[in-house]
Amino acid sequence: MSSANAASPVFHVVDTGTGLPGNLQTNPKLARWLRFRADGVVEAFCGKVEIGQGILTAIAQIVAEELDVDLARVRMVQASTAASPNEGVTSGSFSVEHSGSALRYACAEARAIFLAAAAQRLGVAASSLSIHDDGTMVGPGNLRTSYWELGDLGLLDRDATAGVPPKPASQRRIAGTPAGRLDIPDKVFGRPRFVQDLTLPDTLHGRILRPPSPGATLTRLGDAKAKAVPGVVAVVRDGSFVGVVAGTEEAAAAGLKALAGGADWRAGEPLPDEASLRDWVKSQPVETTAIDVREPAVAASKVRTVRHAYMRPYIAHASIGPSCAVAQLTGEGLKVWTHSQGIFNLRAELAMIFPLPPEKIVVEHAEGAGCYGHNGADDVALEAALLARAVAGRPVRLQWAREDEMAWGPVGACQAIDLEADIDARGEIVAWRHDVWGNGHVSRPGRGKTPTLHAAWQLAEPFPRNVAINPPIASGGGSERNATPLYDFPAWRITNHRLLTMPIRTSSLRTLGAFANVFAIESFMEELAIELDEDPVEFRVRHLKDARARAVIEAAASRAGWAGWPKREGTGHGIGFARYKNAGAYCAAIAEVETDPDIRVRRLVLAVDVGEVINPDGVANQIEGGAIQATSWVLKEAVRFDRERITSDTWETYPILRFSEVPQVEVEIIARPEEKAMGAGEAAHGPVAGAIANAVQDALGVRVRDLPITRERIVAA
């Protein structure tokens, strides 16, 4: 290295006075985020994971934008506890907002650092240099160097300062324009990409023996027949955790079948009566919390009160591909490949269970079937690791069956919601009350002092099984998420009743409590508009002071042709609106349904405001996907169970929306490049639920308040 390069380059830093943005606060080292390779590639390290939402593409656009390089030169490195910044869990529609802002500032600062180093090397002013798409820095007289030539100087071995402002919106040319998803080509052409595709040398295969009911205890195990199956390498038992390891998938399945016949179990706690789920939910011990109370400035006089009750059942993730993991335990430590959304949190729980120091455990993310929440990914990772402990250093691949995924992974909590509105003599809403009952929505790994993974409760020295909790209100809450209306009412009381029992295991499912709360609020708003003889769109708009909220409602109504919608027999249209978590993306949805012979959503028109739009195609894809999933939840999905176990463990018993039933979806994006970027992944669900329910009432004149909206419920209503 020449003496000109030995000293640290000098670059201009502006004191922003705001501290480090996003997840730079907890991961300030710039080298933790970026690396420039000699072959002309910039590697960007992100602690958020790809689960089909397209965030790595959007974040790559941010990186390319701030570094002034072509998007094709950016490689997003798969998240790993060994190399990535610890960004917690990929959840809450925070990835672009938190990770994207961190990388935006890190890249802006890195660009300034490298320009200063290039100026020092070339003997020119940094302001005279320009950066070409190939990463070349060119100065007067065609003097040049590049990111790639300077990349091994250790220039990023320093903490971020956030003193270099990113580009203003007016100068962005990559962020804000459509970009093809980086992960799609492999998936379209069937190239190995998913954790299910991963095979290592000498890989063994596992299967897990499930109890007959949650909480059942193994009292006897005869394993001689299983061990005699050709290809079976080991039968693993630790308390009530039992598994088979074999040389092939077929041998593992045969061994499991033989093992099941030799097992005796003592029954666990009975499940609730599904037929009276609402009564059960409202009769359990609860932790009651006043979420929000607004007292009126002037005491109002009511003349009547309108009351209605709404219900959401337990909902499964129903990932198209069941969960899978690979684990290997050697003298160097434990390594796990998983599609977990929280690899650092999973590592923390694995360290408790084995036990090993965290630095002896590496958790590598590999993509799996998307779930948007806590499905079986973490459970299967622990189970694979427990099996790997028994086979002396060989990797074990554990592939769950459909029945494992549907019956033993965590499910989204059911919710019972009571709404009341006081109406005065002028027909105005003067008070609003919202009560919600349900399990907590989070039992993800890493949220407490004891593991939350299913197998941890089955061990000979079991860890206690704790009930699900709700995230803090500052993070959006859980059961109470979106329970406080964005509408401007003079008084309200919002109360959450979290169940302290959990016979059916619940954890995070896309939107948490927002789906049910928005469904209830938007259904209730429609019922009030009808009762007060007001147009549903105008009724909502006049109760909103937030200009961005009004804008998405008006945009959706205009695009859908709300004002001139023709009334046809057996069809109806309805509207739904929400701002996700009252702090995220705004979304309004209008649904068109037909009701003969069954309920079918023909068309969904959505308008969305996510602030700054990084990848318009990505935003549209997220809104479309959320709208389709919400349609499936509203019309079809409910976890079924008897008093012993979950019975909806096949596609026949847990139907989801078929491709032939997917509605036409139109998305209008209101771009606000000067505003903060907000996630789109969970914005559509609640508004779509409200819109469909309201469209059904418009078509049939009956209101269904319990999901899913089936023919049987319509007849009952």
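The values are calculated or read from the model by the stated rules, or taken from the named source; none is laboratory data. What you are looking at is a predicted structure, and each value in this text was computed from that prediction instead of being measured. Quick reminder, even Gly has a Cβ in these numbers, built from the backbone with ideal geometry, and neighbours come from all protein chains shown.
Brief remarks on what is shown
- Enumeration of residues in the range 93-109 that are modelled with pLDDT of 95 or more, surrounded by fewer than 24 Cβ atoms within 10 Å (Cβ to Cβ) and within 28 Å of A683 (Cα to Cα): none
- Exclusive hit being closer than 29 Å to E569 by Cβ and within 22 Å of the chain's Cα centre (by Cα), set A717, A680, A689, A699: A689
- Count of the range 554-598 residues, restricted to those that are in a loop (DSSP other than H, G, I, E, B) and in contact with an Asp or Glu (Cβ under 6 Å, 6 or more places away or on another chain), is 1.
- Within the range 559-571, the presence of a residue that is aromatic (F, W, Y) and under 22 Å from R481 (Cβ atoms) is excluded.
- Candidates in the range 540-599 are the residues that are modelled with pLDDT of 95 or more and among the basic types (K, R); of these, the one that is surrounded by the fewest Cβ atoms within 10 Å (Cβ to Cβ) is K545.
- Filter result for the condition that a residue is part of a loop (DSSP other than H, G, I, E, B), within 30 Å of D488 (Cβ to Cβ) and β-branched (V, I, T), over V306, V293, V298: V298
- Yes/no for A529 being out of contact with any Leu (no Cβ under 9 Å at 6 or more places or on another chain), surrounded by fewer than 18 Cβ atoms within 10 Å (Cβ to Cβ) and part of a helix (DSSP H, G or I): no
- Options A390, A369: the member that is surrounded by fewer than 20 Cβ atoms within 10 Å (Cβ to Cβ), part of a loop (DSSP other than H, G, I, E, B) and in contact (Cβ under 8 Å) with a residue 60 or more places away in the chain: A390
- Number of positions in the range 166-211 that are of a type in the set (D, E, K, R), more than 30 Å from A267 (Cβ to Cβ) and in a loop (DSSP other than H, G, I, E, B): 8
- Every residue from the range 397-421 that is surrounded by fewer than 20 Cβ atoms within 10 Å (Cβ to Cβ) and either closer than 16 Å to T484 by Cβ or not assigned by TED's automatic domain parsing to the domain that holds G376 (or both): D418, E420
- Unique residue being in contact with a Cys (Cβ under 6 Å, 6 or more places away or on another chain), at pLDDT 95 or above and over 26 Å from W400 (Cβ atoms) when the list is V634, V608: V608
- Extreme residue, surrounded by the fewest Cβ atoms within 10 Å (Cβ to Cβ), among residues of the range 112-171 that are out of contact with any strand residue (DSSP E or B) (no Cβ under 8 Å at 6 or more places or on another chain) and hydroxyl-bearing (S, T, Y): S170
- Looking across the range 600-616, just one residue is buried (at least 18 other Cβ atoms within 10 Å of the Cβ), among the charged types (D, E, K, R) and touching a Pro at 6+ places or on another chain (Cβ under 8 Å), and that is E612.
- Residues in the range 462-492 that are crowded, with 18+ Cβ neighbours inside 10 Å and of a type in the set (V, I, T): I469, T484.
- If you go through the range 343-366 and pick out every residue that is part of a loop (DSSP other than H, G, I, E, B) and buried (at least 20 other Cβ atoms within 10 Å of the Cβ), you end up with 1.
- Selection within the range 425-461 - surrounded by fewer than 20 Cβ atoms within 10 Å (Cβ to Cβ), touching a Phe, Trp or Tyr at 6+ places or on another chain (Cβ under 9 Å) and in a loop (DSSP other than H, G, I, E, B): G446, T450, L459, A460
To keep it simple, each residue is scored yes or no on (1) touching an Asp or Glu at 6+ places or on another chain (Cβ under 6 Å); (2) buried (at least 23 other Cβ atoms within 10 Å of the Cβ); (3) assigned to a helix (DSSP H, G or I).
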position: I59; (1), (2), (3): no, yes, yes
position: E65; (1), (2), (3): no, yes, yes
position: R75; (1), (2), (3): yes, no, no
position: E87; (1), (2), (3): no, yes, no
position: S91; (1), (2), (3): no, yes, no
